[in-house]
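Let me begin by presenting the structure, written as structure tokens, before commenting on it.
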Amino acid sequence: MIFRQVLILVVAALAFAAAAHAKPVDLVAQALPTIDKVDADWLPAMKAGDADRLAEPYARDAVFVTPDGKAIVGHDSIADLYRAGAASGRKVIDGGIHRLGAREGGGGMVYEWGTGGSTRIGPDGARTTHEGQYLTVWKRDEAGAWRIIRNMAF
């Protein structure tokens, strides 16, 4: 009887020790290939005015908060936002995204932040440049793909 109790305690202790030394899942490292690809494609997609490509990484129920605080809810509405920008007659000629950091945020989320902006030429030839900070929240969808669930441009 005592041998059995000691054996159970030893097995439990070994299982606990193995769990304590297990390497934690690094969600940021898992998400970065997707984040890097999306960030690198942002400017080419903006220059091309490709709203579908720009909206592709967003989850179905994503929320995009514009610099003026307007919340655009849902993948299709976010695509429409990009479509309207492309139809405005102001062509993106330069810009970029510069990530300053990324951290795991709990609940399977990864937070990415940095600065971004674009320079556009309007139909009248006038150039305008808009730059600001951003915060993007990524999470895996049901299929395991990393998707933007919240994006805030400041």
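Please treat every number below as a calculation from the coordinates, not as lab data. What you are looking at is a predicted structure, and each value in this text was computed from that prediction instead of being measured. Reconstructed Cβ throughout: ideal geometry from the backbone, glycine too, with neighbour counts over all protein chains shown.
Could you put SER118, SER77 in order, starting from the residue whose Cβ has the fewest other Cβ atoms within 10 Å? Show your work: numbers first, answer last.
On the way: SER118 20, SER77 15.
By the 10 Å Cβ count, ascending, the order reads SER77, SER118.
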field: Relative counts (whole %) of C-alpha pair distances in segment 65-110, using bins that are 10 Å wide
entry: 19, 32, 39, 10, 0
field: Square roots of five times the Cα gyration tensor eigenvalues for segment 25-153, Å
entry: 26, 15, 13
message: Using only the alpha-carbon atoms of segment 37-81 as identical scatterers, what base-10 log of I(q)/I(0) does the Debye formula give at q = 0.17, 0.26, 0.28 Å⁻¹?
response: -0.46, -0.97, -1.04
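Going down the list LYS37/LYS91; LYS70/LYS91; LYS47/LYS139, which pairs span over 25 Å between their C-alpha atoms? Working shown, then result.
Working: LYS37/LYS91 23 Å; LYS70/LYS91 23 Å; LYS47/LYS139 27 Å.
Long pairs (Cα-Cα over 25 Å): LYS47/LYS139.
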